[in-house]
Every structure is written in C-alpha cells, then in structure tokens.
1. Among the residues of the stretch 60-77, is any touching an Asp or Glu at 6+ places or on another chain (Cβ under 8 Å), at positive phi and either in a strand (DSSP E or B) or surrounded by 11 or more Cβ atoms within 10 Å (Cβ to Cβ) (or both)?
2. For residue 54, all conditions in the list (1) without any contact (Cβ under 8 Å) to a residue 12 or more places away in the chain; (2) in a strand (DSSP E or B); (3) aliphatic (A, V, I, L, M) hold save one; what is the number of the exception?
3. Suppose we keep only residues that are out of contact with any strand residue (DSSP E or B) (no Cβ under 8 Å at 6 or more places or on another chain) and among the aliphatic types (A, V, I, L, M) within the stretch 46-81. Which one would you say is modelled with the lowest pLDDT?
4. Test residue 84 against the criterion of being at pLDDT below 95, surrounded by 14 or more Cβ atoms within 10 Å (Cβ to Cβ) and either in contact with a helix residue (DSSP H, G or I) (Cβ under 7 Å, 6 or more places away or on another chain) or on the phi < 0 side of the Ramachandran plot (or both), and give yes or no.
5. Starting from residues that are at pLDDT 95 or above and either at positive phi or of a type in the set (Gly, Ala, Ser) (or both), keep the ones in the stretch 17-45 and report whichever is surrounded by the most Cβ atoms within 10 Å (Cβ to Cβ).
6. Out of all the residues in the stretch 29-48, is one or more of a type in the set (Gly, Ala, Ser) and over 14 Å from the mean Cα position of the chain (by Cα)?
Amino acid sequence: MMVFALLGVNQDKMEDVIFKIRNLGDKYINKVHLVYGEYDVIAEIKAHNPETSVNILRTIKETEGVNSLKTYVVSDQLTDEAKLTLPPEPC
C-alpha cells in the first residue's frame, strides 16, 4: 500500500522533521519532497498493511514541528502499460 503524506512544518524545525522522516528508513519511506504551497513536505510512504501505515503516520504526526498532516492513500498505480479507463461522457 502506498500513502502520500502532506505535512505543514514549522520552518525552524524543518531539518529536524526531514531527518526524522528519512530515519524511518527506505523500508517505509520512498521519497521526501520539499514543496511550495499550502504544505511544506510530501512524504511517499509504503507499508505492507494498514496498521503499519497508521504507525508510520502517527510517528510523523507526533514529530515536533509538524503542524498539520493530510494523507492520501493510493487506490491504483498507473504504469506505462496500464490504461486509465474513464466512463463515457453523457450524450
């Protein structure tokens, strides 16, 4: 299962937050992105089951300097071979 976590972070704690997320390890963290906009960090999280993802997200949320957390669970990953099937447009 893949989860994207969008984090609002205190700027003076940014390095500490990034360090803590990255220290969760490659087993759980695919990538960490710094972004401009409503959120400051996007973490790409992988877990084998919902319980693991909840524990990872709880650890991130409880990190000093994290003000807000919004998550998106990936429902389907599209590859080059996969075709996205959209419903037909109404007549």
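The values are calculated or read from the model by the stated rules, or taken from the named source; none is laboratory data. No experiment lies behind these values; they were computed from the predicted model shown. Counting neighbours? That spans all protein chains shown, and the Cβs are built from the backbone with ideal geometry, glycine included.
1. yes
2. Only one criterion is unmet by residue 54, namely (2).
3. Here the answer is 78.
4. No.
5. 43
6. yes
For (1) of a type in the set (A, V, I, L, M, F, W, C); (2) farther than 16 Å from residue 18 by Cβ, each residue gets a yes or a no:
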| position | (1), (2) |
| --- | --- |
| 37 | no, yes |
| 51 | no, yes |
| 66 | yes, no |
| 74 | yes, yes |
| 78 | yes, yes |
